[in-house]
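The block underneath contains the structure these notes are about, expressed in structure tokens.
None of the figures in this text is laboratory data; all of them are computed from the coordinates on show. Keep in mind it's a predicted model, so treat the numbers as computed, not measured. Positions of Cβ are backbone-derived with ideal geometry, glycine not excepted, and every protein chain shown enters the neighbour counts.
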Amino acid sequence: AQTVTQSQPEMSVQEAETVTLSCTYDTSESDYYLFWYKQPPSRQMILVIRQEAYKQQNATENRFSVNFQKAAKSFSLKISDSQLGDAAMYFCAYCHSNYQLIWGAGTKLIIKP
Amino acid sequence: NAGVMQNPRHLVRRRGQEARLRCSPMKGHSHVYWYRQLPEEGLKFMVYLQKENIIDESGMPKERFSAEFPKEGPSILRIQQVVRGDSAAYFCASSRLRTGFEGYTFGSGTRLTVV
């Protein structure tokens, strides 16, 4: 069975600095998708970035980028120039073609002003 | 361009009562998924529906839980005879395609509290 592990329950970063959130997963599939979702206190689950496993190039969305290491089954999220509005729970999720999202337990990101 | 609408946002039920959670998918989306989030945990898949069809309910408890997505109207997640352990946040997501690459659009969830 596929699993997703986020080993950092909580991370803190100074405003304007860079932080990296870790995610590892376990699967025997070769074709799948990976996502990072952000959940602020409002509870809304917001898609931050996504990656197709067959693409070697790491996805980027403005200040957010990933380091996708397929062989190591690692999918970390880097947030550059951290802003107060980035404070939230961040969830890593895996999806094979069967549509179910498998979620990690989340990392709470604290931004220090 | 309304997103996924869930209501109510908060729901309090006494043990033994019924809880009905509603979800209207994003316009143009015909695939609906329900997830449950327990405190300090990630989401857990419950059920996947298309209009008038349950495609996969493998994550849903066999008893007391049911879901529907009628031809007209929102998707409904129904929990009968609620117990304290049902207290959680219930999220609905929708997608345009069955496969997940485009990502799923989530609602803001319904927080169910059983007292």
Report the charge-dipole magnitude of chain A in Debye, nearest 20, computed about the Cα centre from +1 at each Lys and Arg Cβ and -1 at each Asp and Glu Cβ. 80 debye
Cut-off under 15 Å on the C-alpha distance; same-chain residues fewer than 8 positions from residue B:51 excluded. Which aspartates and glutamates are left, in chain and number order? B:68, B:72
Based on Cα positions only, what radius of gyration and what Dmax would you give for the range B:29-69, in angstroms? 10.8, 33
Compute a Gaussian network model of chain B, connecting alpha carbons closer than 10 Å, and tell me which residue from B:47, B:82, B:12 fluctuates the most. B:12
With label points set 7 Å from each Cα along the Cα-to-Cβ direction at residue A:69 and residue B:10, the distance between them in nm comes to 4.4 nm
Could you tell me the number of lysine pairs in chain A with C-alpha atoms less than 25 Å from each other, where the two lysines are 8 or more residues apart or belong to different chains? 14
Over the range B:1-97, consider all pairs of different Cα atoms and compute the Kirkwood hydrodynamic radius from their mean reciprocal separation; express it in Å, one decimal. 13.7 Å
Given an 8 Å cut-off on Cα distances and at least 6 residues of separation, report the relative contact order of the range B:10-69 as a percent. 21 percent
If amide H atoms are modeled at 1.01 Å from N in the peptide plane, then the residues at a separation of 5 or more from residue A:110, or on another chain, having amide H under 5 Å from its own are A:11, A:12, A:13
Compactness of chain A - radius of gyration and Dmax, Cα, Å: 13.5, 42
Spherically averaged projected area in nm², based on the convex hull that wraps the Cα atoms of the protein assembly as shown: 12.7 nm²
In nm, to one decimal, how far is the modelled label at residue B:22 from the one at residue B:68, with both set 7 Å along Cα→Cβ? 1.4 nm
Taking a cut-off of 16 Å between Cα atoms, list the aspartates and glutamates near residue B:44, but don't count ones fewer than 8 places away on the same chain. B:56, B:57, B:86
Can you tell me, using C-alpha contacts under 8 Å and at least 6 residues apart, the relative contact order of chain B as a whole percent? 37 percent
Cβ-based exposure ranking for A:111, A:79, in which fewest neighbours within 10 Å come first: A:111, A:79
Which of B:50, B:66, B:93 sits closest to the plus end of the dipole of chain B, meaning its Cα is farthest towards the positive end, when Lys and Arg get +1 and Asp and Glu get -1 on the C-beta? B:66
A correct fewest-to-most ranking of B:84, A:63, B:36 by other Cβ atoms within 10 Å would be B:84, A:63, B:36
Which Cys in chain A stand alone, with every other cysteine's Cβ at 4.7 Å or more from theirs? A:95
Chain A - percent relative contact order, Cα under 8 Å, separation 6 or more: 37 percent
With +1 on each Lys and Arg Cβ and -1 on each Asp and Glu Cβ, and nothing else charged, work out how big the dipole of the range A:37-85 is about its Cα centre, in Debye to the nearest 20. 140 debye
List A:22, A:30 from most exposed to least, where exposure is judged by having the fewest other Cβ atoms within 10 Å. A:30, A:22
Considering only the protein assembly as shown, percent of DSSP beta bridges that pair antiparallel, nearest 5: 90 percent
